[in-house]
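Worksheet: one structure, shown below.
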Amino acid sequence: MYGTILTIHSVWAVVALILVAVAIVVSFMGWSGNKEFTLGNKKIALFGLISAHIQFVIGLILYFTSPNGIDKIKALGMGGLSAYDRLLAVEHPMVNLIAIVLITIGYSKHKKAIGLSQHKNIAIFYSIAAVLLLSRIPWDNWLA
């Protein structure tokens, strides 16, 4: 079961990152081009939001079924974790939670804004979230 969930988590990460990146590009183009925020823009931002939330839920399932998650912290304690184990058990989930919160805030703020501020909110919050997401991906595992 762990291997299947890990594969789903890895594949869905690509989908989520692509959708968030598309939302960022579209929002920056709309913001810099003084374009109206359309229903299409809203759908792209929403797909990015939904895919990121699905990825996080898959990650939570993985965290509690993984030998690198909570069980390793219980067995070794925080001081006993290697840098890589700490990345998987603490940094990756916590930073990604912050990123998901930022995406959610950006989407929520765009709904209350008018005009270019809608593009601006999506562009800024999703961009910060994307940097955080990319900073905590376990690249050694992902690219292997």
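For the reader, a short list of remarks on this structure follows.
- Residues in segment 105-131 that are open to solvent by 50 Å² or more (accessible area, probe 1.4 Å) and aliphatic (A, V, I, L, M): 6 in all.
- Residue selected from segment 104-138 under the condition of a type in the set (Gly, Ala, Ser) and in a helix (DSSP H, G or I), by the criterion nearest to Ile73 (Cα to Cα): Ser135
- Qualifying residue in segment 69-85 (condition: of a type outside the set (Gly, Ala, Ser), in contact with a Leu (Cβ under 6 Å, 6 or more places away or on another chain) and either touching a residue at least 24 places away in the same chain (Cβ under 8 Å) or over 20 Å from Phe47 (Cβ atoms) (or both)): no
- Residue match in segment 58-78 (condition: of a type in the set (Phe, Trp, Tyr) and surrounded by fewer than 15 Cβ atoms within 10 Å (Cβ to Cβ)): yes
- Any hit, segment 90-104, residues being of a type in the set (Ser, Thr, Tyr) and either touching a helix residue (DSSP H, G or I) at 6+ places or on another chain (Cβ under 6 Å) or touching a residue at least 12 places away in the same chain (Cβ under 8 Å) (or both): yes
- Residue in segment 30-40 that is of a type in the set (D, E, K, R), touching a helix residue (DSSP H, G or I) at 6+ places or on another chain (Cβ under 8 Å), within 30 Å of Asn121 (Cβ to Cβ) and surrounded by 13 or more Cβ atoms within 10 Å (Cβ to Cβ) present: yes
The values are calculated or read from the model by the stated rules, or taken from the named source; none is laboratory data. All values derive from a computational prediction rather than experimental measurement. Cβ coordinates were reconstructed from backbone atoms using ideal geometry, including for glycine residues, and neighbour counts include every protein chain displayed. Note: areas computed on protein heavy atoms with side chains; ligands, DNA, RNA excluded. Shrake-Rupley method; radii C 1.70, N 1.55, O 1.52, S 1.80 Å.
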